Amino acid sequence: MASISDLLFEMTEWLRTTSVLDLSLWIDSTQARNWLQENFFAIPLMQTAHILTIALTFFSVVLVYMRVLGLSGMSRTMPETMKRYSSTIWWGLLVLILTGIGMIVGEPVRELVNPIFWIKMGMVIVLILLSALYYGAIRRQMVDWDRASSHLALRASGFGLIVLWCLIMAGGRWIAYAPV
Amino acid sequence: MFSSTIWQSLEMSPVGDYIAASTWAFPTLETIHVIALVTVFGSIAMMDLRLLGLVSKNTPVTAVSRETLPFTWTAFVLALITGSLLFVSKASYYMVNPYFLTKMGLIALAGINMAVLHTGAWKTVMNWDVGNAIPTSVKVAAGLSLVFWILVLFCGRVIGFTLGIYVPA
């Protein structure tokens, strides 16, 4: 455990030597950041919007995965399931990025000069790429979904997607506890 | 004061002391709490939005309920366990925090709202299971549920910003 802390400390020290520090200090001096800091409820409200959007997006991902597994949602065909949830997932990701930017503006140094923030951002990029591949693969197979084979690869990789979502949520919480 | 002694003795219990003293326990429990709460709200919101007639209009209400309810209850139990453990570690601080007390009140209101719906209008669900002819009383309950749970999440977030402001006497 101590070695993980040491590694995170080293990452923070390295971040301090990069232009990320200048960027975060510049954001720190903007009017937008001052407004967010001066209004006590602004940051909690933005965080609440972020969490609400995670809830709707993540649960849509879960429900599509349940349909992939054949465990629930069987009253809809796979095309109907995708039509119902894919817009929530992609619009949700967009709102998450926007509220996330708002949170960075509100607390730039705490977020940007923070190794867990960058680990989380790395996972978010992987999530977006894997989601595009995953839902693209479902779309290609969805017409004959219930008559086709067992979709073993999509069943297995869907679990990985859910785990990645949970790791990203964990990253979001641990930003507050990074040894910076 | 007697009541504050109860909360302080909870904090000093082996479980409370361990969670407060450990570097990893509190954030780990908080992480599980957040994932559980996100699942609780996500599943409840899907159901409420269907009851409001805003989404999934062609899917029977009972089908949406079957899809979401197991997640709601499982995640709620997980949130309750992790929330109780978090509470024990700083009980006296939470008990003087108005946002924590409001959050608990809102969860109780959300529970009463759900109980009223299920013991009342839900009994006629087969009459409005398909389509969008949902009784006004059900739509009001769904709207209230959304408001209560959004406020629960908001209060939960504000607690983190105010633990240092409201301190036990």
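Any read-out appearing in this document is the output of simple, stated calculations on the displayed coordinates, not a laboratory observation. If you're wondering where the values come from, they're calculated on a predicted model, not measured in any experiment. All Cβ positions, even for glycine, are placed from backbone atoms using ideal geometry, and neighbour counts span all protein chains on display.
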- Mind checking which of A:GLY106, A:GLY158, A:GLY136 has the largest fluctuation in a GNM of chain A, springs on alpha carbons under 10 Å? A:GLY136
- Cβ-Cβ FRET estimate between A:ARG140 and A:VAL163, R0 fixed at 35 Å, reported to 0.05: 0.90
- Message: Need the list of lysines near A:LYS120 for cross-linking: C-alpha distance under 30 angstrom, and skip anything on the same chain fewer than eight residues off.
- Response: A:LYS83, B:LYS90, B:LYS103
- Query: Just how large is the dipole of the protein assembly as shown about the Cα centre, in debye to the nearest 20, putting +1 at every Lys and Arg Cβ and -1 at every Asp and Glu Cβ?
  - Reply: 1160
- Query: Around A:LEU21, with a cut-off of 14 angstrom between Cβ atoms, what is the net charge of the other residues, counting Lys and Arg +1 and Asp and Glu -1?
  - Reply: -2
- Message: Cut-off 10 angstrom, C-alpha nodes, Gaussian network model of chain A. Which of A:THR30, A:THR12, A:THR81 fluctuates the most?
- Response: A:THR30
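Roughly how big is region A:31-180's charge dipole about its Cα centre, with Cβ charges of +1 (Lys, Arg) and -1 (Asp, Glu), in debye to the nearest 20? Don't skip to the answer; put the middle values down first.
On the way: 12 positive and 6 negative charges, 75 e Å.
In debye, rounded to 20, region A:31-180 gives about 360.
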- Message: Just to be sure I understand the model, the point goes 7 Å from the Cα along the line to the Cβ. What's the resulting B:ASP129 to B:VAL96 distance in nm?
- Response: 5.5
- Query: Comparing A:ALA148, A:ALA156, A:ALA132, which has the greatest mean-square fluctuation in the GNM of chain A with Cα pairs linked when under 10 Å apart?
  - Reply: A:ALA148
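Work through the residues other than B:GLY42 whose Cβ is under 15 Å from its Cβ and net out their charges, Lys, Arg +1 and Asp, Glu -1. Provide the component values of the computation, followed by the final result.
Details: positive: A:ARG84, B:ARG50; negative: B:ASP48, B:GLU67.
Summing Lys/Arg as +1 and Asp/Glu as -1 gives 0.
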